[in-house]
Every structure is written in structure tokens, then in C-alpha cells.
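See below for the structure under consideration.
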Amino acid sequence: MLGVLLSSLIAAAGIWYSNNQIRDQLKISSQELGVAREGQITDRYTKAVENLGNDAIDVRLGGIYALQRIMQDAPRDHPTIADVLAAYIRTHADKPLREGEDVPADVRAALTVLAYRDTSHDDYFTLDLRNTRLAGIELQERRGRTADLSGADLRGADLTGANLRRAHLLGADLTGANLHGADLRGADLSGAHLRRAELSKTVLSDANLHGADARSANLRGSDLANADLVDADLADADLRCFLGGADLSGANLFEADLSKTYLRNATLRGTGMISADLSDADLRGADLRRADLITADLRGADLTGVDLRGADLTGADLLGAHGVAPDRCLGQCRSAP
């Protein structure tokens, strides 16, 4: 009986020892495999970067797509590769395009790789694409995170549905660009050129458009809650959108369409609204001190609680407007309706 027990114990010890050996061997093999894999990725990366400097565009394209595959295989290297591709774009898209000239194929390819990559590995990485010349580029429904496109030439670009949340677009030229349905929450568009831009149903809440030129832009159905539009030029723009809490102090709204627009608690201090259409607009609690409302259309507008001190309503049409008694207007405005 004792012999059987001893035999069993010895057998169990042998099995345990063998299992430990196997486990250790597997661990060593796994480590060796990891080292080999890292070496392969390093070799692939080095070769891909070398290809980016080749004179032949097909070789450069191969390098770009090789880097895309490495990003997919090695998430840890994602930000580094994205930075390399961004630098490539800055280097190869640094000159204005001639009339009728398209963005080069290799630049478009690099942009596409960056625009549709898996951004879950970005952490706090910001794409640096400052001062790039990308007129007419198409990047619909871009998924990327924060990008710095300050000073970039994006005239006529198609950025429909693009995710540009918190993007830096200071002084960027987006003249005639299509940003329909884009997400620009918290984006910095101060001093940007947005003339005739398509911005319908765009999310611009908390965005900074200080001093932006958005003449004749279409912002219909957009969300500009709490946006900074101080000193912006919005003449002839379609502003039938949500502007609750927005700051439009000193902005130019000459002949702009704000009919039925939500402007509750908005700041319009010193704003130029000559001949603007504010019919049926909700202006409750808005600050219109020193606003220029000469010949403005305020028919049916809700002016409850509006501060009109120093405002000029010469020739303005207040038919059906409610919330401001005629005698109150006479006391607060330089000219009665």
C-alpha cells in the first residue's frame, strides 16, 4: 500500500515538473516570437519609410499603404506612423495648387489612411496638418480625432459628415467647402474663411468663429449653441439655425436670414443687422444693446425681456412682434418703429 502511494506521489511530482518545464518553454517561445515579430515590424517600418522618399509615385504609394498595414498590426506604433504620414503631407502639399490641378495622388492616399484609421490608439495625439494646400480634397465622414489644420487651404473641399471635433482651423480657407452634417463641436475657426461654405446641419456648439468670414454661407439647421461669433462677417448668410446663448457681438448680419431662428439669451451687442430677416425669431432674453436694426424685419418676433438700450430700429418692421411695448421701445431706442 505504501509502495503504491509513493509511486503515485512520484508520478504526480513528475507530471508537475513536466508541466512547469512545458510552461517555461512556452513562455520562452512566446517571448522569442514577440522579439521576432517586433524585429519584423521594425524592418517593415524602415522599408516603408525609405519608400516614401522614392522618386517613383507608385513606390511612394506602396510605402504609404505599407505603413497603413503596420498601424493595423502594431497599435502601439500608431501615433508614430500617423505623425510620419502627417509630416509627409506637410512636405508634399506645401505649395498652392494651380487652376484645375488636383491634390497629388500620394497626398490623397496619406490623407485617406489618416482619415479612416482606428483612432482608439491616438490617446492625446493631434495630427499636424498646418498650412497644407488641400483644395478640393474629399474626406467625407472622416473618423479622425483632433487635427491642426490652421492656415490650411481647403477651398472647395468635401468634408461632408467629417468628425472635426475640437479641430484647429484658425485662419483656414474653407471658401465654398462642403461641411454638411460635419461635427465641429468646440472647433477653433477663428479668422477662418467660410464664404459660401455649405454648413447646413453642422454641429458648431461651443465653436470659436471669432472674426470668421462666413458671408453667404448656408448654416440652415445647424447647432451653434454658445458659439463665439464675435466680429464675424455673416452678411447674406442663411442663419435659420439654433443660436441659443451664442455671442454675436459686433458681427455683421447685413441681410442675413434669421427667420424663425432660436436666439434666446444670445448676445447681439453692437451687432449690425441692417435689413436682416428676424421674422418670427425667438429673441427672448437676448442682449441687443446698441444693435443696428435699421429696416430689419422683426414681424412676429418674440422680444420678451430683450435689452434694446441704444438700439437703432429706424424703419424696422415690428408688426405682430410681442414682448416689447411701443412706449418702452420709444424710451430705449434712438428711433421708434
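Read-outs throughout are calculated quantities, based only on the coordinates presented, and are distinct from any laboratory measurement. If you're wondering where the values come from, they're calculated on a predicted model, not measured in any experiment. Every residue, glycine among them, receives a Cβ derived from its backbone with ideal geometry; neighbour counts consider all protein chains shown.
Residues 124, 65, arranged from fewest to most other Cβ atoms within 10 angstrom of their Cβ, appear as 124, 65. For 274, 64, the sequence from fewest to most other C-beta atoms within 10 Å is 274, 64. Charge dipole (Cα centre; +1 on Lys/Arg Cβ, -1 on Asp/Glu Cβ; no other charges) of the stretch 49-133 amounts to roughly 140 debye. In terms of surrounding Cβ atoms within a 10 Å radius of their Cβ, 101, 138 rank from fewest to most as 101, 138.
Determine the shape class of the stretch 149-201: with a ≥ b ≥ c the square roots of the Cα gyration tensor eigenvalues, call it rounded for a/c under 1.5, and otherwise prolate if a/b is greater than b/c, oblate otherwise. Present the calculation step by step, with values, prior to reporting the outcome.
Working: a/c = 1.68, a/b = 1.06, b/c = 1.58.
Because a/c hits 1.5 or more and a/b fails to exceed b/c, the stretch 149-201 counts as oblate.
When peptides 171-179, 81-89 are ranked by their average number of other Cβ atoms within 10 Å per residue, the highest-first order is 171-179, 81-89.
Under a Cβ-Cβ cut-off of 15 Å, what is the net charge of the residues other than residue 66 that fall near it, where Lys and Arg count +1 and Asp and Glu count -1? Each step should come with its number before you reach the end.
Numbers: positive: 44, 47, 60, 69, 117; negative: 43, 50, 58, 73, 77, 106.
With Lys, Arg at +1 and Asp, Glu at -1, the net is -1.
Look at the Cα gyration tensor of the stretch 93-134: its axes a ≥ b ≥ c give a/c of at least 1.5 with a/b at or below b/c, and that counts as oblate. Classify the stretch 115-196 from the C-alpha gyration tensor, please: rounded if a/c falls under 1.5, else prolate or oblate depending on whether a/b exceeds b/c. Judged from the Cα gyration tensor, the stretch 115-196 comes out prolate (a/c at least 1.5, a/b above b/c).
A simple rule links phi to the HN-Hα coupling: the Karplus curve 6.51 cos²θ - 1.76 cosθ + 1.60 with θ = phi - 60°, which for the stretch 246-258 gives 6, 10, 10, 4, x, 6, 9, 10, 4, 6, 6, 9, 10 Hz, with x for Gly and Pro.
For residue 95, go through the aspartates and glutamates and keep the ones whose alpha-carbon is under 19 Å away, minus same-chain ones fewer than eight residues off. Result set, ordered by chain and number: 55, 106, 128, 138, 148, 153, 173. From Cα pairs below 8 angstrom and at least 6 apart in sequence, can you work out the relative contact order of the stretch 192-311, rounded to a whole percent? Value for the stretch 192-311: 16 percent. For a paramagnetic label modelled on residue 65 (point 7 Å from Cα along Cα→Cβ), amide N atoms under 16 Å away belong, within the stretch 97-115, to 105-114.
For the stretch 165-231, a crude dipole built from +1 on the beta carbon of Lys and Arg and -1 on the beta carbon of Asp and Glu, taken about the Cα centre, is about 220 debye to the nearest 20.
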